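Worksheet: the structure to be examined is printed underneath.
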Amino acid sequence: MRPWVVPWMGVGWLAGILVGSLTVVPVVLLTASGISAALAYAVSWSRALFSERGAQVVRLSALTVLAGMFGIWRANGALLFDQGQQEQWDPFYGRPAVVRGVVRDAEIRGVLVRLTIGQLSLKDRAVLGMLRTTVPRSPGIGENAVIRLRGKLERPEDLPRLLSARTGQPVRGDLERVFRRQQVFATMRFPDVRIETAARPSVLTRVRFSLRDLLLQQLPDPAAGLYSALLLSFDRDLPSSLREAAAATGILHLVAISGSHIAAIAAVAFFIAVTAGLSRTTAAMTTLAFTAVFLALVGFPESGVRSGIMAGLVLFATLLGRHAAGLRALLLAIVVMAAIDPRVLLGDVGLQLSALAVWGLLTIFPFLQQVFRQIPDPLRLRSLILLTIAAELATLPVVVYTFGRIPLFGPLTNLAAGVLFPFLLALGALVLLTSVVAPAMTALVAPLATLLGNAFLGIAERVSAIPGHLITVPPVSLTFFLTSLVSLLVVGHLLQRRPRSATTA
């Protein structure tokens, strides 16, 4: 099998996942298409009917169609499963109910905590799926706590619509698919809570909260909240006004756990390992281990794990292989994730942004480097600017469809914040290390960490205060989003081939 056949089968699989996520394809049509593709593949080996070139085209098309059929079958299975779960919840929406379950995730939001609850029982009957609610913080409420809720059950997609009616802002993105990917089928607004079994935090969770307390003790606000978010994933420790400013200027992905965040941490760890004299292979393995420890410390968030796997595959494929190896590794990562859970393709915004950002760095960035190769690159500033522009262009369709806002100065703010980001990570880690090992040294490190943290947040505050810094885009349909995304992928693929041909010539 030729090496370019497998990537095409991967593309066919993802196309099938996409189609199967949008509609249920009749089994008869699916079977007929699969049989036709298999017959075409078998007939293509007849030298009497096809030339060698024609036979290769038929085989490639047949294998791509077969992969697509399996993708549709996999996605349809998940779609029908979700519809079955939805039906069991339908009789209870809009009614008071008592629900018992186990807390699977607890996200602290100031004096409140947002809970995702599984292993649910409703009227003494087990029900599948998750329930999401927000309750006041309490010492006994946390991961693995068994609680009983009393309140009115609502559809999860109703809450954003209520918020939209209250604020006058339109609903963005496909929230229903986002909730389905998370397997959230119901919500309760501020229910009565009774704790049956208090939370039993793991050792890593206790360590994480202890380190958070150290940061909040050693650093003043808002720098303490910034480092708590950067290093320990307590992004709600950052004041809401600063979070909004970071989101409006396009640098929130550096604060919250995301693909960019994980990739930046891995890059800093790799640079330090190489600077310390380790070989590139040893440094790569050290970086992988460090990233795994970091993900464990922040509780293995789903978005972080997926982004870490994808960034790691692409990083090491590019490091140990060629440019094309990075693209194949990216495709492999997305194919595997979609095989495990087909809902991620349309329902995981974080994965979409991470995948497109990496794709932009592998395709659009080399083209921009070739176009602007005559411009000097002191301290690699040109490369940093072009990297930022490539990532911004690649993620533009998702940003427009999901958020409806385009930060006008996004590339510049990302460049400035990106330069500070490695130093923030290093200083934050140093504050934690000295607080544990040599508390007297913390007084020397903390002022510099505070100064740099305030500078990072100052970028967001000052840029967000500029009139017209944010372009608001009217809501777009899913069809428009998918069309623009496919067009961008095709154009990017064509552009990334030009520098190689130009160089060869």
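Assorted remarks:
- Members of the stretch 1-35 that are surrounded by 13 or more Cβ atoms within 10 Å (Cβ to Cβ) and more than 30 Å from Gln83 (Cα to Cα): Val5, Val6, Pro7, Trp8
- Residue check, Arg2 of a type in the set (Lys, Arg), at pLDDT below 90 and either out of contact with any Asp or Glu (no Cβ under 7 Å at 6 or more places or on another chain) or within 30 Å of Ser121 (Cβ to Cβ) (or both): yes
- Residue within the stretch 195-209 that is outside any helix (DSSP H, G or I), of a type in the set (D, E, K, R) and over 30 Å from Glu461 (Cβ atoms) present: yes
- When Ile389 is tested against the conditions (1) over 17 Å from Val463 (Cβ atoms); (2) part of a helix (DSSP H, G or I), the lone failure is (1).
- Of residues in the stretch 392-417 being among the β-branched types (Val, Ile, Thr) and assigned to a helix (DSSP H, G or I), the one farthest from Gly350 (Cα to Cα): Thr413
- Elements of the type helices (runs of 4 or more DSSP H) sitting completely within the stretch 252-354 and holding at least 2 residues that are at pLDDT below 70 and surrounded by fewer than 19 Cβ atoms within 10 Å (Cβ to Cβ): these cover 259-275, 302-320, 323-340.
- All conditions in (1) modelled with pLDDT of 85 or more; (2) within 28 Å of the chain's Cα centre (by Cα) hold for Gly34, with the sole exception of (2).
- Residues (within 29 Å of the chain's Cα centre (by Cα) and not in a helix (DSSP H, G or I)) located in the stretch 12-30: Thr23, Val24, Val25
- Residues in the stretch 83-105 that are in a strand (DSSP E or B) and not hydrophobic (A, V, I, L, M, F, W, C): Pro96, Arg100, Gly101, Arg104, Asp105.
- Search result, residues across the stretch 233-243 that are surrounded by fewer than 23 Cβ atoms within 10 Å (Cβ to Cβ) and either more than 17 Å from the chain's Cα centre (by Cα) or acidic (Asp, Glu) (or both): Asp235, Arg236, Asp237, Pro239, Ser240, Ser241, Leu242, Arg243
- Applying the set (1) in a helix (DSSP H, G or I); (2) touching a strand residue (DSSP E or B) at 6+ places or on another chain (Cβ under 7 Å) to Leu451 leaves exactly one unmet item: (2).
- Test: residue in the stretch 438-447 that is in contact with a Leu (Cβ under 8 Å, 6 or more places away or on another chain), closer than 23 Å to Val268 by Cα and assigned by TED's automatic domain parsing to the domain that holds Leu254: yes
- Among the residues of the stretch 133-178, those that are surrounded by fewer than 17 Cβ atoms within 10 Å (Cβ to Cβ), in a loop (DSSP other than H, G, I, E, B) and modelled with pLDDT of 80 or more comprise Arg137, Ser138, Pro139, Gly140, Asn144.
- For Leu361, the requirement of being under 18 Å from Leu489 (Cα atoms), assigned to a helix (DSSP H, G or I) and at pLDDT 85 or above is not met.
The values are calculated or read from the model by the stated rules, or taken from the named source; none is laboratory data. The structure presented is a predicted model; accordingly, all values stated were derived computationally and were not measured. Here the Cβ is made from the backbone with ideal geometry for all residues, glycine too, and neighbour counts use every protein chain on show.
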